Structures are given as C-alpha cells and as structure tokens.
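Inspection log for the structure reproduced underneath, given as structure tokens.
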Amino acid sequence: MSASSATEHSSPRLDSRIPPGALADKWQRHQNALRLVSPANRRRFEIIVVGSGLAGASAAAALAEMGYRVRCITFHDSPRRAHSVSAQGGINAAKDYGNDSDSIERLFQDTIKGGDFRAREANVYRLAEVANSIIDHCVAQGVPFNRDYGGLLDVRSFGGAQVARTFYTRGQTGQQLLLGAYQALMRQVDRGQVTLHPRTEMLDLVLHDGQARGVVCRDLLSGQINSYSGHAVVLASGGYANVYYLTTNAKACNSTALWRAHRRGAFMANPCFTQIHPTCIPPASEQQGKLTLMSESLRNDGRVWVPQAAGDKRPPNEIPESERDYFLERKYPAFGNLAPRDISSRAAKEVVDEGRGVGPSGVGVYLDLADSIARLGKRAIAERYGNLFEMYQMITGEDPWQVPMRIYPAPHYTMGGLWVDYNLMSTIPGLFVIGEANFSDHGANRLGASALMQGLADGYFILPSTLTDYLAGHLGEQPPATDHPAFQQTQRDVAERLDRLHNINGSRSADSFHRQLGKLMWEGCGMAREATQLRELQENIGALRQEFYKDLAVPGSASGVNQELEKAARVEDFFELAELMVRDALEREESCGGHFRVEHQSSGGEALRDDSRFAHVTAWEYRGAEQPAAQHHEQLSFEHASLQERSYK
Amino acid sequence: MRFTLQVWRQSGPESPGEFVEYEAADISADSSFLEMLDVVNERLSSSGQEPIHFDHDCREGICGACGLMINGHPHGPIAGITTCQLHMRHFSDGQRIIIEPWRAAAFPVIKDLVVDRTALDRIIAAGGYASVNTGGAPDANSLPVAKEDSERAMDAATCIGCGACVAACPNAAAQLFTAAKATHLALLPQGQAERQQRARAMVAQMEAEGFGYCTNHGECQAACPKGVSMDNIAFLNYDFRKAWLEALSSR
C-alpha cells in the first residue's frame, strides 16, 4: 500500500466508532446511548483482565464492584508490583486549583499538541474530561496526595504545560495510585468477585467464532499450561519499550500479551512511536541491566546544561557561568527546562553528538539544581525531591547536593500499541485493550503525568461503560468451556512453542540475544532514524534472529519454575515486534513527536511533520510468518484542534 | 572486582536446600548487586547450568520484588535501600558474600532465593483499603487533610511490601507491614469509617497466616528499605486494643 494522501479515507477495517456531535458532548452522548446490563444480570458474565497495573487493577476492581465476575491474571507475585508503581512525577487533571485558567479544554489542547497531532481527538478530549473524577476517586480511596498548609491539594507543573495541574504524592505518585487500585482490587478478591492468578503469564489468546473468548497461560510456579474462558478479554499488559533492552521499564515488562493477540488478528498501531525520556541516569558499565529514571519533576527546579566548548572535561563547578550552555533555555525560552520530553531529549542528543556531553562516558548532560537550592534553601528542595537525591547518590556514587546530576535520554513509554476503537475494543470483537497497551491517547509523544491519567481513566471510568455495552449484546451466551477444541488447539500451540525454544540446546542465554537486539534497535531505530540505516537494521535483526533459533540456551526443565524459559519466549516476541517497529518507522516518512526522521527536518533542525501525507494512524495486520504485515490507515480528523506547528519557543 | 558467593540453592518447596559456592569475577564496581548476579547467571546458563533464581523487577527500589539476605542483612549492609539499589562498590574486592532467601514460616521458599509472599496480599485483602466504589466521590478538596497528617500517612504508605521486616524479625512477625497500611488509612479522614474493624481484621489475618508475634525487637525498622517507623506498630496496637475493648463492652 502506498503512502496516504490528504484525501485518504480510513480503511474500512478500522471503524473508530467516534460518536457524532460536538467534541465536548461526545462522551456524554455516547454514554447515554450505550447499552446497559442490569445489576442482576452482571454476575452471569465472566471477564478476564490481563495485567494488574494502574489500568488492569482499576478495571478489574471497577468491573467487580459493578457485579461482574472477574479473573485477573498477573505474572507478578503480587499485583502491587506492576510497573506503574515506579511512576514518580504525578497525574494531570484540569481542576484549576492553581487558579491559572486551567480547563478541560486547555488540558485537551496541551495533550493533543504534546502528541504532535497523531492521537485521536475524541479520545484525548474524553481523557481530559474524566481526569477530574480520577483525582476525586483516588482521594476517597485514601491516596495521600501532597497537601498545602490549608489542607487542600497541592499541584505542580510538568513538561509541555504552562499551568500547574499535576497532582502528586512526593516522588511516588505511581506507587500510591497503584496501591489505591491494588487495595480496591484486593477488596474484591476478598469478596470473591475477583479471582486473582498471580505468577501466571498469558501466552496466547483464544478465539471462537471470531471473538475473543479466553486466554492460555503458563503457571510460572508449576510450569503447567492452563486456559481460562470468559465473555470478554481485557488486555492491560503495559508497553513494549523493553525491546530496547536498556530502558526505564522493569525487567519483566514485555510485549508477549500484545504480540500474541496481534498474531491472532488484533491490529498493531504506530509501533514505532516510542517515547525517549530525557531525564534518565546514563549507563555506567557494560554490565548494566536496566536504566533508572530521575523524575521529570526535577526539571521544575533544575537547569539543564553542558559546557560551551566541545571536549571540556573540567569538573562542573570549575566551569564558569559564562562558559556553560543552558541549551533548553536558549532554544526554547517560553518553556525552557520544561520543554516536552521529545524536544528535550533531542536537544540533549544534539549537544552530546557535538562532543559536549559530560560524565565519564561523555554521554550525558547536567541537570543542575544548584540555583534552586541557593534560592529556596536545601530544606525546600529536600522536601520536594529528597528521595530522588538519595536514589541518584546510591546509583552513581556521586552526591547531587555537591555536583549536578547527570542525565541522558532513554526509551521509556510506548505510545504505539494495539489499535482500539472509541470503545477501547481492538479489531477482534471481545478483546479490549487499555492503558499503555493501546495506542489511542498519546499520539507521537506523551506528555508527563498523562500515563497515570490514561491508565486510570480507561480502567475506572471508560472501560466499565463500553465493555458493558458489548456484554449487553451477549446476554444468555455461554463462552466455550476450556475443553473446547478452540482452547485445546491454542494450548497445544503454546506447549509446542515452548518445547521448541527449550530444545534448541545452544550456548547463548536469552538475555545475551536481548541485549544485542536492544543495542541494534537503539542505534538504528532510536531517537533519530534514517532510511538506509533502518534497512540495514532490518537485515541485522533478521540475522540475529536466525542465530537465536540456532544457539539459544534454556537450561532447566519446562515444568516448574524456569525464569530462562520465560525470558526466551519474551525475547522471541521482541524479535518479531522489532521487525514491525522498523517497518513502521520506514513507512512514516515524516518527523513527529519522539520519532525523528533525519530526512525530514526544518532548516533549524526541528522535527518536520507532514500532515498532508501522514495525519493518520498506521495499523498493521498480521498475515502469518511468511508474509509481511498489511498496512491499514485510520485517517485522523481534527475538527476542534487546529493542526498547528508545534512550537515551544 | 571479584567475589566468592555462597548461595542458597533449593530446587523446590519440598526439596532440601544447600549452600553452593560460585565465583563472581570481572564485576564492575558500578554494577548493582542484582547485575552482579546477572553476570553469574549468564555464565551459568551459557554453560548449560541452571541459573540462580531470584525475584526482581523494577530495579529502582520501589516495586518490592527483590529481597535477599546478604551476609545476614535483609537487602544487604547499607541501610535504607533495597537489594537492587545496592552497588558492588560497597563491598571489598575478594569478599565472601553469603546470599539467602527471606526466612519465615509464612514465606515458604519457592525456588533458590524466591519465596512466596502472598500472605501479605491476604492481609491487605482482609481490610487494608477504604471501601469506596468507583464513581460518585465528592470533589477532592471537599475534605481538607492537614499537611502534617497527609505527610505522616505518606510516611506509612511508602511501604513497598518487600517483606524485609518479616525476614529481619526474630519472631518473623509482619507487624510493621500491617501497621504501616493500617496507620496510613487511620491517619486520614477517608479511613475513619472502618478504622477499628480494619485493625481487627488485619491483625486476625496476620495471625492466621502464621506470622509470629511482635516483641518490640526493632529489627524490622532497622531493616526497612523505606524507613517505615515502629511508631506505626504502636499506632496499630492502640487501634486494635480500642477496637477489642469496644467489641467486648458491647457484648
């Protein structure tokens, strides 16, 4: 399929089901039109939720509260460990408690612009609309948000916004919101409304009559392959940035649930959209297994700089003010250090590429809080970010009260994901996808404090309405039992796949392949991409994958606990996903958000979007291992927001 | 750097375990403790041997998954951090390091250094929440919370459920974990409605799980990577006694 044109229409396979009417009325009108299931009938439905992070736990709890029977599957030992727990900065809402003229409209405008106009307008508006209810609900749960001295909620500002609308609990907002959702979930477990399956990994999706009817899982303790059936399946399995190996994601984050659903027919949208977060601690050694993020909130009080001269290796305190380059303040005076993540990341890469990077490896820039410490006092800064200072010192061995922190961009959050319509349903009927696992709300870039917002908006407020509408059409139906041939066949497929990986009997660990794949991806399909490099990358991934099938080592037995087998299956999926990401990056011949195509830039080096050809979502259809995936487009129409040049100057 | 590791290996809950010695060579001082184990494991798996199983995930000190007894200290010799935040620069070159799983009757060993901590989830399920259904909550600012209260609640709520308190306690008590959650909610107006019921239900569950009794040794507080204070235990005891006495007098 060729590149789209300005008059392109969406593929008929991608019915976004955006309700008609004015943007501000769409969600309310839609809710009024959605079908209901009466309280007495809800217990007849069984729903499978995969994942227990902000999206999964909140969805499972909310659905159980309504009276549905819910099965929640998580590969963690406890739902409380889902990676949402690590989100630090905060959660946005348009409460205007800051009296700085905030409104739903402004939160919408900032979010759609932040995503570089590659998100679906109706979804983003709805997100802004329900955000206030999230804060209300979480406060009612007892989430200890920061308060001011009058006892009211405190707010701070985040990248990409000129108002203070971010609610936070110190530097552990994700943790507290997740614990709120987890507690709500455990309450339903105690009531018997939710059956929890910890240490259980979804390895495939079961379809019957073209509808999602269940999942096949591996019990990570016994090694047994088990199936669960239900009226609908909700994937809340998070993002896939770990394809890059060194990322800010937790070690176990993976793409398997998404990828297996994709192979069963769910379209994968905008896979190349990966957010590169600007404030990560740079890698220190070859043995590094994971990168750690410093909260973006530090940019409220921190100034980002490098020496003006290339190769200046003096310690930071010996570089006088006049020989420093505060490059974000210089290039983006209106937003300065609070420029959005994609802009800040690219600016950091540029100065490092110019040879002005800092630290032992030369890959890093300073995040300097000295001015703020002098202005506000150590106590005020410690109150805001104390835990982050300790964390930094522990990891690097440097005292950030004495020397500036060093940061560098790293893969963080994936904006791409399974394609969903306005009801959050994928192209497979009965398969819903929420939170980071879907593609819909963040476009080509994600603003800070919007991921927690989306996870909880989807789980607490949106999915319960839209899933109910779907279930209302299936009242009286009994999903096939797990001894049905559809389940038996999928179960056999899973067992055969694991056996195949286990029996390669090579000499290289899954991790070693993963590390090499990640390096290739970071270099060829990271912050800056270019056609020749991407084609070369395709070949390199292909060659490495062949090697994987020849030389993978999975010691131990397939029954019982086997962490190497878990990793091997995940790495196999990362290989296939990486190939699709590269293909998607090649097709998108424009620069937008965190996705920078070197061939498409302005004379000033800024990202050059091409709205006439690329104001669309690319959704990929799996057509088997032998054929390349087919491309479908959902044309994005902007009735309310104007497609403006994204300037933060 | 180079280390000699004495690692507890146990193939399953019912199998006997034993210490096995491994050499960890060519380790960067900048590596974390878990990265050091990654290096050892990588060498084990590429030579066809089963790697050492351990729980870990976020590696940012917040998920609570990792937890190793290192030379007799939960999360190692440095106070106030999790194992994933412990770096090898804190050890001396050539040092012998003993690595064991959490030991407690309520935390059965699953494999090697991995233990089953689901008992902690069941304590939360027994009452560690504010019963509020989604939808219909009043405006968040309709109920002011004094800054001091929200800060104290947050100090308690910061518990990551790693289980180091249980592993450190000579009685394998889960008082610090349970008290942290009960106190977090009891300090906020949102947690008042079920305050006494919560204290009783959580304590009852804790006992049913086979955790030991608290005898105020204070090892829990010393081992807690998040600095959760024993004051919370006093707070829970107060609420529990009050609830118990009121239940008694209403009989």
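The values are calculated or read from the model by the stated rules, or taken from the named source; none is laboratory data. In this text, all values refer to a predicted model and were calculated from it rather than measured experimentally. Backbone-built Cβ (ideal geometry, glycine too); neighbour counts: all protein chains shown. Keep in mind that these areas ignore ligands, DNA and RNA; they rest on the heavy atoms of the full protein, side chains included. Shrake-Rupley method; radii C 1.70, N 1.55, O 1.52, S 1.80 Å.
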What is the residue count in region A:602-616 for residues that are open to solvent by 40 Å² or more (accessible area, probe 1.4 Å) and assigned to a helix (DSSP H, G or I)? 3
Answer yes or no: is there a residue in region A:323-339 that is part of a loop (DSSP other than H, G, I, E, B), surrounded by 20 or more Cβ atoms within 10 Å (Cβ to Cβ) and within 21 Å of the chain's Cα centre (by Cα). yes
Selected residue (criterion: nearest to A:PHE461 (Cα to Cα)) from residues of region A:143-162 that are open to solvent by 20 Å² or more (accessible area, probe 1.4 Å) and facing chain B (nearest Cβ under 7 Å): A:LEU152
Selection from region A:188-208 of residues free of Cβ contacts under 8 Å to residues at least 24 places away in the same chain and out of contact with any helix residue (DSSP H, G or I) (no Cβ under 9 Å at 6 or more places or on another chain) yields A:GLY192
Within region B:123-169, restricting attention to residues that are at the interface with another protein chain (Cβ under 7 Å from one of its Cβ atoms) and among the charged types (D, E, K, R), which residue is nearest to A:ARG187 (Cα to Cα)? B:ASP139
Could you please let me know if B:PRO77 is open to solvent by 10 Å² or more (accessible area, probe 1.4 Å) and more than 11 Å from chain A (Cβ to nearest Cβ)? yes
In region B:184-224, anything assigned to a loop (DSSP other than H, G, I, E, B) and in contact with a Gly (Cβ under 6 Å, 6 or more places away or on another chain) is listed as B:LEU188
Somewhere in region B:32-39, is a residue more than 7 Å from chain A (Cβ to nearest Cβ) and open to solvent by 30 Å² or more (accessible area, probe 1.4 Å)? no
Of the residues B:ALA105, B:ALA119, B:ALA24, only one is at pLDDT 95 or above, open to solvent by less than 10 Å² (accessible area, probe 1.4 Å) and over 29 Å from A:HIS502 (Cα atoms); which? B:ALA119
Which count do you get for residues in region A:17-40 that are open to solvent by less than 60 Å² (accessible area, probe 1.4 Å) and either in contact with a strand residue (DSSP E or B) (Cβ under 6 Å, 6 or more places away or on another chain) or of a type in the set (D, E, K, R) (or both)? 1
Per the list (1) touching a residue at least 40 places away in the same chain (Cβ under 8 Å); (2) within 10 Å of chain A (Cβ to nearest Cβ), residue check on B:ARG59 breaks on (1)
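Results for (1) open to solvent by 30 Å² or more (accessible area, probe 1.4 Å); (2) out of contact with any strand residue (DSSP E or B) (no Cβ under 8 Å at 6 or more places or on another chain), shown as yes or no for each residue.
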| position | (1), (2) |
| --- | --- |
| A:SER512 | no, yes |
| A:GLN516 | yes, yes |
| A:MET521 | no, yes |
| A:GLU530 | yes, no |
| A:GLU564 | no, yes |
| A:ALA569 | no, no |
Can you find a residue that is assigned to a helix (DSSP H, G or I), crowded, with 21+ Cβ neighbours inside 10 Å and within 14 Å of chain B (Cβ to nearest Cβ) anywhere in region A:571-581? yes
Region A:53-76 residues that are among the aromatic types (Phe, Trp, Tyr), paired with ones that are modelled with pLDDT of 95 or more and not in a loop (DSSP other than H, G, I, E, B) (beta carbon under 6 Å, 6 or more apart): A:TYR68/A:ARG42; A:TYR68/A:ILE47; A:PHE75/A:GLU201
Give the number of residues within region A:122-179 that are within 20 Å of B:LEU143 (Cα to Cα), among the polar types (S, T, N, Q) and assigned to a loop (DSSP other than H, G, I, E, B). 2
Sort through A:ALA140, A:ALA82, A:ALA64, A:ALA59 and tell me the only one that's hydrophobic (A, V, I, L, M, F, W, C), more than 24 Å from the chain's Cα centre (by Cα), open to solvent by less than 10 Å² (accessible area, probe 1.4 Å) and more than 23 Å from A:ALA641 (Cβ to Cβ). A:ALA64
Output for region B:85-102, where each listed residue is more than 24 Å from B:GLY227 (Cβ to Cβ) and open to solvent by 10 Å² or more (accessible area, probe 1.4 Å): B:SER92, B:ASP93, B:GLY94, B:GLN95, B:ARG96, B:ILE98
Options B:ALA222, B:ALA201, B:ALA172; residue that is touching a strand residue (DSSP E or B) at 6+ places or on another chain (Cβ under 6 Å) and touching a residue at least 60 places away in the same chain (Cβ under 8 Å): B:ALA172
Filter region A:180-202 for residues that are assigned to a strand (DSSP E or B) and either within 11 Å of another protein chain (Cβ to nearest Cβ) or at positive phi (or both) and give the result. A:VAL194, A:LEU196
Report yes if some residue within region A:627-635 is surrounded by fewer than 19 Cβ atoms within 10 Å (Cβ to Cβ), in contact (Cβ under 8 Å) with a residue 60 or more places away in the chain, over 24 Å from A:ALA241 (Cβ atoms) and more than 22 Å from the chain's Cα centre (by Cα); otherwise report no. yes
Flag for B:LEU68 being crowded, with 24+ Cβ neighbours inside 10 Å, of a type outside the set (Lys, Arg) and within 11 Å of chain A (Cβ to nearest Cβ): no
Taking region A:239-280 and keeping residues aliphatic (A, V, I, L, M), within 11 Å of another protein chain (Cβ to nearest Cβ) and open to solvent by less than 10 Å² (accessible area, probe 1.4 Å) leaves A:ALA250
Could you identify the single residue in B:THR183, B:THR82, B:THR178 that is open to solvent by less than 10 Å² (accessible area, probe 1.4 Å), more than 12 Å from chain A (Cβ to nearest Cβ) and either at positive phi or of a type in the set (Val, Ile, Thr) (or both)? B:THR178
Would you point out the residue of region A:477-497, among those that are without any contact (Cβ under 8 Å) to a residue 24 or more places away in the chain and not charged (D, E, K, R), that is nearest to A:GLY67 (Cα to Cα)? A:GLN478
Count, please, the residues in region B:42-57 that happen to be farther than 18 Å from B:ASP116 by Cα and either open to solvent by less than 20 Å² (accessible area, probe 1.4 Å) or assigned by the TED database to the domain that holds B:THR158 (or both). 3
What are the pairs, 6+ residues apart or on separate chains, where a residue within region A:349-369 that is in a loop (DSSP other than H, G, I, E, B) has its Cβ under 7 Å from a residue that is aromatic (Phe, Trp, Tyr) and crowded, with 20+ Cβ neighbours inside 10 Å? A:VAL358/A:TYR366; A:VAL363/A:TYR408; A:GLY364/A:TYR408
Taking the options A:ALA449, A:ALA481, name whichever one is assigned to a loop (DSSP other than H, G, I, E, B), crowded, with 22+ Cβ neighbours inside 10 Å and among the aliphatic types (A, V, I, L, M). A:ALA449
